[in-house]
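Trainee: I am attaching a structure below and will ask some questions about it afterwards.
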Amino acid sequence: MKWLRVGSAVVILTVLLSSCKNNSAGTSKVFSGNYWKEQALTDIIPFWSKYSQDTISGAFITNLDSIWLPFGSSDKYPSMISRHLFSYSVAYLLSGDEENLIIAHNTVKWLLDHAWDKEYGGWFDALDEKGNPVQMTKNTFVQVYTITGLAMYYFVTHDSTVLKYIDKSNELLETKVWDYNAGGYFNMMNRDWSVSDSNKSFSSQITPVSGYLIYLYQATRDPKYLKQINKILEVTINNMVDKESGWVLESFDKNWKYLPGKEDETEINIGHNIETSWMLLRDYLITGNLNHLNSAKSLSQKINKYGLLQDKDFWLSNIGRTPLLAFRPDTYWWVQAYGNMFDLYLYHISGEKKYLNEFQGGAVFWDSAFMDKIHGDTYLGVDTAGAIIDGKKATQFKTSYHSMEHCLLNLLCLNLWVNDEPVELHFRITSSRDGEMLFPLPLEDNSIEILKVTMGNKDQTSLIADHQSVRLPLLSNTKIAVQLGNHKKLKK
């Protein structure tokens, strides 16, 4: 991959980005929360439903090109399949559309039937097209992202069986994969949970927080998940931040000695640095931990200074660590999505309008460069001019997940933090104990209140236990809609 020096290419890049920005009509629409809900339910999820489902063997096709034609290997990956589960759970949360929940339910069944190791526990790394294990190692990345979809499905359904698998999986990570001497999760285990790769990486550390622990805590308010989040973030701050440059680095040995990558001219992953700062902010909003807030602020200043091009539209994928910073003139769909969501959190915490301006530019670039307005969903990668450099729709690592999370959080943040408008979310409770609590807000904000609860066509606002929870009666397969907002700020 070619790389450029900051300074020598800034003028050219600014012209290119300005041209892209000027060609984007209706920039104000990206500030509407409903715009993102519509994008999720019209421009993203229907295309995955139409083209990516494996109607013969179940689950999803792994590799799809820019017009949704299969290519390459037909092997399947539990982490990829479960990230689709996250998306279909979100689609139901936003719409109450039963078709989305049916796909989510079938995906859960496929994962439990095929991907779970019934002898040793945990999730196989890879399966063949029909769901037979072909790679029996336990990569931490795969374990984490398989839990991710299950966690969002539990958020929507309160399915107790799914929660048992989540907790079994998470307990294996805590007891078998966590390094009790130096801290952090090892990269890979053998099938029997003996250590296969004792090195540590970004993808085996922060992803449990961003993938499932935040959402699992929001769904249950169980302090054990919050304790785990704090442990991971402390290990990250203490071991993964470069003391010289202040950037979060990628790969380390067992004892946290840095292992530079082959392409060390652009070794700093901007998306992963955004992810770290963003998770520190989310933890701060839950716990009030000022050390995490200060760490997030310090990192966010670097990200905003070096991770964005001058007009603030384009989040770079990688930059260099040296004083004379180099950068790769490209980015990926997930980096742009993370940057947009990150800006909304920075605005909420700081109140500074510049972050809304950055969000607008980044969101317009997302729409103009990444969204495929003809064939649906997003391209994998684009360059600084918005030209497609990788148009694939699906791979082992690209799914519907990042696009759907982007839409969900944009809707919530814009309606509840920017526009002071209510949000309605939909749940389908598989079963509940009498008195079980439903916490319906997947956003870290104690000022947001439950305004209304509907069960079937009947108002059940009397079930509100406090301003952020619903006390469920004994239920089975029951639809619930919850309206959320801030009484003091809602627009009349």
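Trainee: Please enumerate the residues belonging to the range 351-380 that are of a type in the set (A, V, I, L, M) and either closer than 21 Å to Leu414 by Cα or surrounded by fewer than 18 Cβ atoms within 10 Å (Cβ to Cβ) (or both).
Mentor: Filtering the range 351-380 for residues of a type in the set (A, V, I, L, M) gives 356, 363-364, 369, 371, 374, 380.
Passing the criteria: Leu356, Ala363, Val364, Met371, Ile374.
Trainee: Among the residues of the range 107-122, count how many are in contact with a Leu (Cβ under 8 Å, 6 or more places away or on another chain) and farther than 22 Å from Ser49 by Cβ.
Mentor: 2
Trainee: Could you list, in sequence order, all residues of the range 61-111 that are of a type in the set (Val, Ile, Thr) and touching a residue at least 12 places away in the same chain (Cβ under 8 Å)?
Mentor: Residues satisfying the conditions are Ile61, Thr62, Ile67, Ile81, Val90, Ile103, Thr107, Val108.
Trainee: If the Cβ limit is 6 Å and pairs must be 6+ apart or interchain, which residue in the range 162-174 that is more than 13 Å from Tyr212 (Cβ to Cβ) pairs with which residue that is buried (at least 20 other Cβ atoms within 10 Å of the Cβ)?
Mentor: Matching pairs, first to second residue: Leu172/Gly122.
Trainee: From Ser79, Ser57, Ser73, which residue is in a helix (DSSP H, G or I), at pLDDT 95 or above and not aromatic (Phe, Trp, Tyr)?
Mentor: Ser79
Trainee: Which residue is surrounded by the fewest Cβ atoms within 10 Å (Cβ to Cβ), if the candidates are limited to the range 123-137 and must be in contact with a strand residue (DSSP E or B) (Cβ under 6 Å, 6 or more places away or on another chain) and within 18 Å of Gln53 (Cα to Cα)?
Mentor: Asp128
Trainee: Which of the residues spanning the range 179-195 are of a type in the set (Phe, Trp, Tyr) and farther than 17 Å from Val142 by Cβ?
Mentor: Tyr180
Trainee: If Lys398 satisfies every condition in (1) of a type in the set (D, E, K, R); (2) touching a Leu at 6+ places or on another chain (Cβ under 6 Å); (3) surrounded by 17 or more Cβ atoms within 10 Å (Cβ to Cβ); (4) not assigned by TED's automatic domain parsing to the domain that holds Ser87 but one, which is the exception?
Mentor: The one condition Lys398 does not meet is (4).
Trainee: To continue, here is another question. Which of the following residues is in the same structural domain as Leu41 (by TED's automatic domain parsing) and surrounded by fewer than 16 Cβ atoms within 10 Å (Cβ to Cβ): Gly435, Gly391?
Mentor: Testing whether each residue is in the same structural domain as Leu41 (by TED's automatic domain parsing) and surrounded by fewer than 16 Cβ atoms within 10 Å (Cβ to Cβ) leaves just Gly391.
Trainee: Any residue at all in the range 162-183 that is in contact with an Asp or Glu (Cβ under 9 Å, 6 or more places away or on another chain) and either more than 30 Å from Leu94 (Cβ to Cβ) or crowded, with 24+ Cβ neighbours inside 10 Å (or both)?
Mentor: So far as the range 162-183 goes, yes, one or more of its residues are in contact with an Asp or Glu (Cβ under 9 Å, 6 or more places away or on another chain) and either more than 30 Å from Leu94 (Cβ to Cβ) or crowded, with 24+ Cβ neighbours inside 10 Å (or both).
Trainee: Only one of these is touching a Lys or Arg at 6+ places or on another chain (Cβ under 6 Å) and at negative phi: Glu444, Glu449. Name it.
Mentor: Values: Glu449 fails: touching a Lys or Arg at 6+ places or on another chain (Cβ under 6 Å).
On inspection, the qualifying residue turns out to be Glu444.
Trainee: Go through the range 20-48 residue by residue and tally those that are assigned to a helix (DSSP H, G or I), of a type outside the set (D, E, K, R) and modelled with pLDDT under 95.
Mentor: 4
Trainee: A further question follows. Looking only at the range 450-463, count how many residues are under 22 Å from Lys488 (Cβ atoms), crowded, with 17+ Cβ neighbours inside 10 Å and over 29 Å from the mean Cα position of the chain (by Cα).
Mentor: So the count comes out to 0.
Trainee: So which residues in the range 461-488 are assigned to a helix (DSSP H, G or I) and β-branched (Val, Ile, Thr), if there are any at all?
Mentor: The one that is assigned to a helix (DSSP H, G or I) and β-branched (Val, Ile, Thr): Thr461.
Trainee: Evaluate the following for Ile429: is it outside the structural domain of Leu93 (by TED's automatic domain parsing), of a type in the set (A, V, I, L, M, F, W, C), under 30 Å from Ala296 (Cα atoms) and assigned to a strand (DSSP E or B)?
Mentor: For Ile429, the condition - outside the structural domain of Leu93 (by TED's automatic domain parsing), of a type in the set (A, V, I, L, M, F, W, C), under 30 Å from Ala296 (Cα atoms) and assigned to a strand (DSSP E or B) - is not met.
Trainee: Give just the number: which of (1) among the β-branched types (Val, Ile, Thr); (2) surrounded by fewer than 23 Cβ atoms within 10 Å (Cβ to Cβ); (3) at pLDDT below 95 does Thr384 not satisfy?
Mentor: Exception for Thr384: condition (2).
Trainee: Working only within the range 238-294, note down all residues that are of a type outside the set (A, V, I, L, M, F, W, C), under 21 Å from the mean Cα position of the chain (by Cα), crowded, with 18+ Cβ neighbours inside 10 Å and in a helix (DSSP H, G or I).
Mentor: The answer is Gly271, His272, Asn273, Glu275, Thr276, Ser277, Arg282, Asp283, Tyr284, His292.
The values are calculated or read from the model by the stated rules, or taken from the named source; none is laboratory data. Note that this is a predicted model, so its numbers are computed, not measured. Cβ atoms come from the backbone with ideal geometry, glycine included; neighbour counts cover every protein chain shown.
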